[in-house]
Amino acid sequence: MILRDRVEGVIRGWHEFELAQRDPIQVIDFDCMPGRGPAPIQIESRLHAYQLLCDIEAQASADEPSVERLQADTTYLAALMGQRFELKPYIARTQGCNSEGWCPSYVQERGDIAREHLSRMGIPWAADTLTSIRQLEGLVPAEEAAGAIRKAADDLEPLVRSVTGVTVRFPIVIENVAVDDYWSYWLDGNRDEVRLRLNLREASFTEVQARQFALHEVLGHGLQYVSIAETTDEADVPWVRLFSVHAPTQVLFEGLAQALPLLATPGDDALVARVRLEHYLQLVRAEVHLAINAGASIARCIEHVQTRVPFWQEAQIVSALHDRSSSALLRSYLWSYPAGLDWFVCLIDSDPKTAMEIAHAAYRSPLTPRELASKWRAGPPIGGAGESIRIW
C-alpha cells in the first residue's frame, strides 16, 4: 500500500501544519489508522502539501482506491489558496457526487410528507412551527444536554448494534464548550477516543433531539468510525484511513447518520417526524446552495426560502447563504447533508433489505458515492437528478 501510505503521510503533515497556524483549521476529523501507520511528512506550506499530493496523483492509476481522496485534497487545498471553482466540479471532486439538485415538485412532495408527520402530532405549519415542536418535545437545559445525550445513546445502542451487526466497544468523551463559531456540535477523535463537543453558544436540545443527536453523532459517526478502525486492524485496507469532511466519504457518513432513526427506531413517531422534516429542510438548503453559487441575489434567496419554510428567520437564511458560498470547506461539506440524506431516505423507503445490507457494510468500510450507487443500482442519482428551481 505504498501509494496509500504516501497520501496518509502528507495528510497528517498537512493537518499538523494547519493546527500550528494563527487561525487553525482541522484537516483530519477522525483518525482510523493503526499505531503502525506512516509518520507525518513535514509540511512547510499549503502549496507544499498541494504539490506533494499532485505529484502522487499524477503517478496513481485511475482505479487506485486513493485517487478519489487525492482529488478531494488537491481541490480543497487549491480552494483554500484562493482558486474559485465552479460549484459542480468542486462538489464532484470533493464530495464525489453530482450537484444537480432536485426538481421543485419533488421538494414540494417531501415538504408535504414532513407537514403530514407534524400534523399527526398536532403541529401546524406556520411561523411558530419550531416553537411548537420544542414545546411538545420538552426542552433540555443546556447544562443537562451532555447527560441527556449520553443516556439516550446508552438506551439506543442495542438497536443500532442490531441494525449494523457491530460488536466493537468505543469510548466517548462529551465536552461542553462555548466558542464563537458557526457549529453547534462537532465530533472528532481517533480509534482510542471519540470526542463530542457541544457548543453551548449555539446548541439547544429537546428530549427528542437528544435521541436524534445520540443516533447521529454518537451511534452514527462515533460507533461507525471506531468500527471502521477495527477493520484496519484486521486487514491492510487499500483506502485512506484518515477521514475529512471535505472528502467523498462524507456523503455516506452524514447521509446514514441523519437517516439512522428510520432504520433503528422506526416506531418512534417523534424521531421519524424529525427526520422527515430535516429531509425537506435539507432539500431547501440545497436549492439556495445552488442558487447563491449561480449568482442569485440575497433578497431573492430569502424570498424563496421564506415561501418554503415560514419559520426560518432572515438572519438564519443569510448565515446559511454565506456558509455555502464563501467558505472553501462549507461550500463542499454542506452539500453532503442533502445529497446523503435524500439517497438514504429513498433507499430505506424503497428497499429496506438493501438498506440494512448497506448499513452493515458502511460500518466496516468508508463507502464513496460511487460505491454506494453500485450497491443500489435502482436508486436515484446521489446529489439529485437535476432541474432544480431557478431563483436567480
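Readers should treat all values here as calculations from the given coordinates under stated rules, not as data from a laboratory. The structure presented is a predicted model; accordingly, all values stated were derived computationally and were not measured. Here the Cβ is made from the backbone with ideal geometry for all residues, glycine too, and neighbour counts use every protein chain on show.
Annotation: the antiparallel percentage among DSSP beta bridges lying fully within the chain is about 55. Taking only Cα atoms and a 10 Å spring cutoff, compute GNM fluctuations for the chain and point out the largest among Ile298, Ile25, Ile228. Maximum among the listed residues: Ile25. Available extension along the chain between Ala126 and Glu357 is 79.3 nm, counting 0.36 nm per residue and deducting the alpha carbon span. Using the Cα coordinates of the stretch 2-89, the gyration tensor eigenvalues translate into equivalent-ellipsoid semi-axes of 19, 18, 12 Å, sorted from longest to shortest. Between Asp112 and Gln42, what is the FRET efficiency for a Förster distance of 45 Å, r being their Cβ-Cβ separation, to the nearest 0.05? Here the calculated transfer efficiency is 0.20.
Gap in Å between the Cα centre of the stretch 148-172 and the Cα centre of the stretch 63-125? Between the Cα centre of the stretch 63-125 and that of the stretch 148-172, the gap is 28 Å.
Computed from the C-beta positions of Glu234 and Ala299, the FRET efficiency with R₀ = 45 Å rounds to 0.25. For the stretch 138-171, the set of trypsin sites (Lys or Arg not before Pro) satisfying both a DSSP loop assignment and a count of at most 12 other C-beta atoms within 10 Å is given as Arg169. Under a Gaussian network description of the chain, with springs only between Cα atoms under 10 Å, the residue in Ala355, Ala294, Ala259 that fluctuates furthest is Ala294.
Neighbour counts of other Cβ atoms within 10 Å put Val27, Val272, Val194 in the fewest-to-most order Val272, Val194, Val27. Given the alternatives [x] 20.3; [y] 18.1; [z] 29.1, mean projected area of the Cα convex hull in nm² as computed for this entry is given by [y]. Cβ-to-Cβ counts within 10 Å put Ile43, Ile172, Ile149, Ile2 in ascending order as Ile2, Ile172, Ile43, Ile149, the fewest first.
Taking the chain as a Gaussian network of alpha-carbon nodes connected by springs under 10 Å, the highest mean-square fluctuation of the residues Thr167, Thr368, Thr129 belongs to Thr167. When the chymotrypsin sites (Phe, Trp or Tyr not before Pro) in the stretch 154-250 are filtered for DSSP coil states and for at most 16 other beta-carbon atoms within 10 Å of their beta-carbon, the remaining sites are Tyr182, Trp183. Note: relative contact order over the chain, using C-alpha pairs below 8 Å and six or more positions apart, is 24 percent.
Residues Val251, Val245 in ascending order of nearby Cβ atoms (within 10 Å, fewest first): Val245, Val251.
Extension gain for the segment Leu136 to Ala315, taken as residue separation times 0.36 nm less the Cα-Cα distance, is 61.9 nm to one decimal.
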